[in-house]
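What follows is a single structure, written as structure tokens, with notes after it.
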Amino acid sequence: MARPITLFTSQWADLSLDRVCGLAAEMGYDGLELTKNAHLNAEKIVRDPSYGEEIKHLLSANNLKAWAISAHLDGQCVGDAQRWAYDPRLDNFAPKKLAGKPEEIQKWAIEQMMITAHAAQAMDIHIVTFFMGSPIWKFWYSFPQTPEEVIEEGYQKEKELWTPIFDEFDQCHVRLALEVHPSEIAFDYWSTQRLLETFEFRPTLGINFDPSHLCWQGMDPAVFLYDFRERIYHVHVKDVKKNLNGRNGILGSHIAFGDQRRGWNFVSPGHGDVDFDNMIRMLNQIHYTGPLSIEWEDSGMDRITGAAEALNYTRKINFTASEFAFDTAIKNI
């Protein structure tokens, strides 16, 4: 059976869940990756089980299911809200009353992540996609010179912060799928390997695989899939188009997404440089049967048109593996 195709709702946070469900149903999606705070109130689900049932009913009424909850923004605040590495942009992710108070933002975010574990359990959802943040992201380029001790301290700080959260998720039988992404403690191949080693390959922590963030950095998404195959808990379908024309730089030049002066831009699936055919073949090889969640991001295309086209494109490439080798039928002739 082909993997279900879902719509990640973060890019639709300006619309109500009812409206998003209606649009997704009209387009023909199988389900949603629900964005916490925008389309799901985790605290209310834990406090009032009937609210969770209302969401389930709304999904069912539109012939949709939810296989994952996104807690990206809360998770970002856990790792980023360090007094010595505080980023004031985090104020946009936390309650207004906590603005400018990194320690309180971090405490709030940790509580929110733990609540999310219980909300997912109540919704019978077993995967939470997320960011971890990073107290050392600003050191990605080692100048001024960065001692190894500073990097190791960052990884150990993440372990200290996230271990109690992981414990809560284990109690709820819910796993966490980290999106490997610039600005995170794990943003490429080797930083991912180091993070998994830091947590001693604890099964709680897996990967939300998104090829677009690997592609523009110069990595092969299929290699990443194979090497981390036991940790692929969830998959995003998102594309990226490189435009390195001699002027445009790979670091983006502080230019907004969609501008053709950037060295790369996120584009609707099938319009960029991600080799989705090879990705699907590798997903078949590693026996991934979970959802393909379309994270639709393209500043140069109407999103309704784009999301519908993205679904059709993903349906075409979402083929299953053969049950026998192509030459099996003729070997006994």
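For Thr146 and Asn312, the FRET efficiency from 1/(1 + (r/R0)^6), where r spans their Cβ atoms and R0 equals 41 Å, is about 0.35. The protection proxy used here, the mean number of other Cβ atoms lying within 10 Å of each residue, ranks peptides 6-15, 89-98 as follows, highest first: 6-15, 89-98. Per the Kirkwood formula applied to alpha carbons, region 7-102 shows a radius of gyration over Rh ratio, Rg over Rh, of 1.06. The Cα-based radius of gyration and maximum Cα-Cα distance (Dmax) for region 187-309 are 15.4, 44 Å. For region 1-65, the solvent-accessible area with a 1.4 angstrom probe is 47 square angstrom per residue.
Ligands, DNA and RNA are left out, and with a 1.4 angstrom probe the accessible area of region 190-333 is 52 Å² per residue.
Could you give the length gained by full extension between Gln156 and Ile330, i.e. 0.36 nm per residue of separation minus their alpha carbon distance, to one decimal place? Provide the component values of the computation, followed by the final result.
Details: separation 174, 0.36 × 174 = 62.64 nm, distance 5.68 nm.
Value of the extension gain: 57.0 nm.
Legend: calculated FRET efficiency, Glu197 to Ser322, from the Cβ-Cβ distance at R0 = 51 Å, rounded to 0.05, equals 0.90.
Provide, as a two-decimal number, the C-alpha radius of gyration of region 69-132 over 2.2 N^0.38 Å, N being how many residues it has. All intermediate terms of the calculation are to be shown ahead of the outcome.
Values: Rg = 12.0 Å, N = 64, 2.2 N^0.38 = 10.7 Å.
With N residues counted in region 69-132, Rg over 2.2 N^0.38 Å equals 1.13.
Tell me what the chain gives for mean residue ellipticity at 222 nm when only DSSP H runs of n ≥ 4 count, each as -39,500 (n - 2.57), the sum divided by the residue total, rounded to 500 deg cm²/dmol. Mind dumping the intermediate values first?
Values: 11 runs with 132 residues, N = 333.
After summing the helix terms and dividing by residue count, I get -12500 deg cm²/dmol.
Annotation for Lys44 and Thr289: the two label points, set 7 Å from Cα along the Cα-Cβ direction, are 3.5 nm apart. Screening the chain for whole DSSP H helices with an alpha carbon extent of at least 20 angstrom along the helix axis and a mean Kyte-Doolittle hydropathy of at least -1.0 yields 102-122, 303-317. Values of log10 I(q)/I(0) for the chain across q = 0.15 Å⁻¹ run -1.39, by the Debye formula with one identical scatterer at each alpha carbon and no solvent. Extension gain, Ser16 to Asp220, is 69.8 nm, computed as 0.36 nm per intervening residue step minus the present C-alpha separation.
With both labels modelled 7 Å from their Cα along Cα-to-Cβ, the His126 to Ala256 distance reads 4.3 nm. Dividing the convex hull volume of the alpha carbon atoms of region 32-180 by its residue count gives 112 Å³ per residue.
The values are calculated or read from the model by the stated rules, or taken from the named source; none is laboratory data. Keep in mind that what you see is a predicted model, and the values were worked out from it rather than measured. Here Cβ is always computed from backbone atoms with ideal geometry, including for glycine, and neighbour counts include all displayed protein chains. Side chains included, ligands, DNA and RNA excluded: accessible areas come from the protein's heavy atoms. Shrake-Rupley method; radii C 1.70, N 1.55, O 1.52, S 1.80 Å.
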